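A.B. asks: One structure, as structure tokens, below. Some questions next.
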Amino acid sequence: MAHLRLMSEKKSEPASGASHVNDLGHVKEATPSLIQVFEPHKASLPPVGAYMREFWSRKRFSLELARFADKAEYLESNLGKVWLVLNPLLLAFVYFLLVTVLRGGSDKAHGFTTLAHILIGLFTFYFAQNVISDGAQSITSGGRLILNQAFPRTLLPLSSAIRSFWQYIPTIPVYIVVVVIGKFFIPKADIHIFSWALLWIPYVTFCLALTAFGMALIFATMNVYFRDTSKLLSYTTRIWLYASPVLWLPEMLHGWHRAILYVNPLGPALSATAEIWIRGHQPTLAQIIGLAVWAVIAMIFGGYFFISRERDFAVRI
Amino acid sequence: MKKNRMLIDMPADLAVRIEDLSITYKINVDTKKTLKNAIMRASKGEKVRMRTVEAVKHMNLDIPHGSVLGIVGANGAGKSTLMRSIAGILPPTEGRITVNGKISTLLALGVGFNPALSGRDNIILGGLASGLTKEEIAAKTDEIARFADLPDGFIDMPVRTYSSGMYGRVAFAVAVAMTPDILLLDEALSAGDAAFKEKSFLRMRELVQEARTIVIVSHALQTVKDLCTHAIWMHKGQILAKGDAGEITEKYLEFLNVGTLPSNLEDF
């Protein structure tokens, strides 16, 4: 097919600052200098370098999207963000009752240590769960933005992850307050809350966030193709909780059963969290390696799975 | 995706160059697009039913700066797909699109609008999504509210309290406030009453005076006729005819009335 030119058949020189006369007789300077080229993706992937630069330059959008989503959710709730802390606190209390009743009761000190373990475990697990489940819905619920604007779609699950992190932060002081008060009344409780091991918390949290974000990318993509993925996810995360060292202690597993701690992507993070916040020990070498390995696997696999299917989002939403 | 213009053979007077563009994609034609359905099908040895859509086929087109191009055609002709491709939302399957300038789009009404948030918050969100900084968009918020004819105080009210007309007017006002080099509008001019339509037309003419480029997809042929300098008629993913907007809309109207393609275009 012949190349169509709409205004004129005259060939133009590829030089900047050119001018032409329009239908209204005005001489216009064609000054735009932003050249964008859209070509087919190679191996289903956009140019990775350009994609990452665009991702980085739009990070403010993710932050603001998280802030506005937060604002919208709690705008008309009287208790508002208090539920963020109340919900896991009440759940921890329910699970604590369940676990101590099933065990046939225990002494006060041991009971309080169990409560502290469940509390920090649940707070940490819910952080990962929120990153995954909110991220899974971020693409299908961002329909209009996706249909109207070109931007790296990974910014949407990133926004969910940022929001989940903000919601996680206040739960840490709550845990500290509960443990400090508990230790005051039950000094024999075997919890070493303040130790040098706390320096490992940023590493553990960072690796956990990457792992959960990578998984969010996988589920967000699946949710575009199969809209019941997010429903299924609510059951999956419940089973995931029971399979994680939250309601039980890692020491309860022996021999090959300990493999469960590392096969579970959240296992190393949850074990390390208990190690730091309960026993005051730094994470074991296996936990440190496990954290990094799962973060890398989740980011590589999740990133590829998501970005290689980003093009489809605009036609499947 | 940005490249150095020295490396690209792009005449400076062109806003958009489309070269041998083809866009295909697959869609799931199952009524139930669920994991459960996919697993049930897999258990019976069946695959999920997919259909390949050839939305745009080997298209070539140059759009100079300062032009207003109308795109007409029946549903499924590939108009919206082409617009998304020019905006970089849907990358080509084959060929290349080169765009010279900042793009602003209004391809889906109510862009970025969260009904629980105020108009001001939504405008900021929409602006950030299109690549502006928060400060840039905040400086334009009152101008957008004025242009959209929002009653006093409505800019700080939740968007769920807006009428559908207000909703559409704000979306349009955000798109034109971005001072784009290239403005892409898909059925966006149906929002608002006659007075707002007139205001929109004036604003678009101002943009054209500033050598900015506008591409409009519309089923409202009178709008295309009134506003566009040129038009293309798309049919089954190809350009069936191009030329003066009045001439093209007449041809297309004739096709709509008669139901058959003009004899010289029957090969399509």
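A.B. asks: Which order do B:Lys44, B:Lys26, A:Lys71 take by accessible area at a 1.4 Å probe, largest first? It would help to have the intermediate numbers written out before the result.
C.D. replies: Working: B:Lys44 140, B:Lys26 115, A:Lys71 85 Å².
Result, largest first: B:Lys44, B:Lys26, A:Lys71.
A.B. asks: Can you list residues from other chains, or at least 5 along the same chain, whose modelled amide H is less than 5 Å from the amide H of B:His65?
C.D. replies: Under 5 Å from the amide H of B:His65 lie the amide H atoms of B:Leu14, B:Ala15, each far enough along the sequence or on another chain.
A.B. asks: Which sequence of B:Lys36, A:Lys59 reflects their accessible areas, 1.4 Å probe, from the largest down?
C.D. replies: From most accessible down to least: B:Lys36, A:Lys59.
A.B. asks: Now, a different point. By how many nm would the segment from A:Val82 to A:Ala109 lengthen if fully extended, with 0.36 nm per residue of separation less the alpha-carbon distance? Show your work: numbers first, answer last.
C.D. replies: Values: separation 27, 0.36 × 27 = 9.72 nm, distance 2.85 nm.
Between A:Val82 and A:Ala109, full extension yields an extra 6.9 nm.
A.B. asks: Which far-off residues, 5 or more places away or on another chain, put their amide H under 5 Å from the one on B:Asp149, with H placed in the peptide plane?
C.D. replies: Close amide H contacts, sequence-distant or interchain: none at all.
A.B. asks: Another question, if that's okay. Which residues does the label zone of A:Ala292 cover in the range A:183-210, counting backbone N under 17 Å from a point 7 Å along Cα→Cβ?
C.D. replies: Zone members listed by number: A:200-210.
A.B. asks: Using the crude model of +1 on Lys and Arg Cβ and -1 on Asp and Glu Cβ, and no other charge, please compute the dipole size for the protein assembly as shown relative to its Cα centre, in debye to 20. Mind dumping the intermediate values first?
C.D. replies: Details: 60 positive and 49 negative charges, 358 e Å.
Magnitude of the dipole: close to 1720 debye.
A.B. asks: Kindly report, to the nearest 10 Å², the accessible surface of B:Arg51 as traced by a 1.4 Å probe over protein heavy atoms only.
C.D. replies: Accessible area, nearest 10 Å²: 130 Å².
A.B. asks: At 1.4 Å probe size, with no ligands or nucleic acids counted, give the accessible surface of A:Asp70 in Å², nearest ten.
C.D. replies: 10
A.B. asks: Using only Cα atoms, locate the centre of the range B:125-175 and the centre of the range B:197-225, then give the distance between them in Å, rounded to an integer.
C.D. replies: Result: 20 Å between the Cα centres.
A.B. asks: For the protein assembly as shown, what is the mean residue ellipticity at 222 nm derived from helices alone (per DSSP H run of n ≥ 4: -39500 (n - 2.57); sum divided by total residues; nearest 500 deg cm²/dmol)? Each step should come with its number before you reach the end.
C.D. replies: Values: 21 runs with 287 residues, N = 585.
It lands at -15500 deg cm²/dmol.
A.B. asks: Another question about this same structure. How do A:Met222, B:Met234 stack up against each other in accessible area, from largest to smallest, with a 1.4 angstrom probe?
C.D. replies: On the way: A:Met222 50, B:Met234 0 Å².
My answer, sorted largest first, is A:Met222, B:Met234.
A.B. asks: Per residue of B:126-135, count partner chain C-beta atoms within 10 Å of its C-beta, then hand back the mean as an integer. Display every interim value, and only then the final one.
C.D. replies: Numbers: counts 4, 2, 10, 13, 6, 7, 1, 2, 4, 0.
If you average over the peptide's residues, the count of other-chain Cβ atoms is 5.
A.B. asks: I'd like the Karplus ³J(HN,Hα) series for the range B:227-244: coefficients 6.51, -1.76, 1.60, θ = phi - 60°, whole numbers in Hz, and an x wherever there's a Gly or Pro.
C.D. replies: Running phi through 6.51 cos²θ - 1.76 cosθ + 1.60 with θ = phi - 60° gives 9, 8, 7, 9, 8, 10, 10, 9, 9, 6, x, 10, 7, 7, 8, 9, x, 4 Hz.
A.B. asks: So, one more: Residue-wise, which Karplus ³J(HN,Hα) couplings in Hz belong to the range A:161-177, taking 6.51 cos²θ - 1.76 cosθ + 1.60, θ = phi - 60°, and x for glycine or proline?
C.D. replies: Using θ = phi - 60°, the values come out as 5, 4, 5, 5, 5, 4, 6, 6, 3, x, 6, 5, x, 4, 4, 4, 4 Hz.
A.B. asks: In addition: Quick one: which of B:Lys79/B:Lys242; A:Lys59/B:Lys134; B:Lys26/B:Lys79; B:Lys57/B:Lys242 span more than 21 angstrom between C-alpha atoms? Could you put the intermediate results ahead of the total?
C.D. replies: On the way: B:Lys79/B:Lys242 14 Å; A:Lys59/B:Lys134 12 Å; B:Lys26/B:Lys79 17 Å; B:Lys57/B:Lys242 16 Å.
Result: no pair exceeds 21 Å.
A.B. asks: Follow-up question, since we're still on this one. Roughly how far apart, in whole Å, are the Cα centres of the range A:241-262 and the range B:80-107?
C.D. replies: One Cα centre to the other: 51 Å.
A.B. asks: Could you report the accessible area of B:Thr34 in Å², rounded to 10, computed with a 1.4 Å probe on the protein chains as they sit in the structure?
C.D. replies: 40
A.B. asks: Within straight cross-link reach of B:Lys33, meaning Cα distance under 13 Å, which aspartates and glutamates are found once same-chain residues fewer than 8 apart are removed?
C.D. replies: Answer for B:Lys33, where 13 Å is the Cα cut-off: A:Asp228, listed by chain and number.
A.B. asks: Right, something else. State the Cα centre-to-centre distance between the range A:275-294 and the range A:214-235 in whole Å.
C.D. replies: 29
A.B. asks: Then there is this: How big is Rg to Rh over the range B:1-103, alpha-carbon atoms, Rh as the Kirkwood inverse-mean-distance radius?
C.D. replies: Numbers: Rg = 18.4 Å, Rh = 16.1 Å.
My calculation puts Rg/Rh at 1.14.
The values are calculated or read from the model by the stated rules, or taken from the named source; none is laboratory data. The model shown is predicted, which means the values in this text are computed figures rather than measured ones. Quick reminder, even Gly has a Cβ in these numbers, built from the backbone with ideal geometry, and neighbours come from all protein chains shown. Remember, those area values only see protein heavy atoms, side chains included, never the ligands or the DNA or RNA. Shrake-Rupley method; radii C 1.70, N 1.55, O 1.52, S 1.80 Å.
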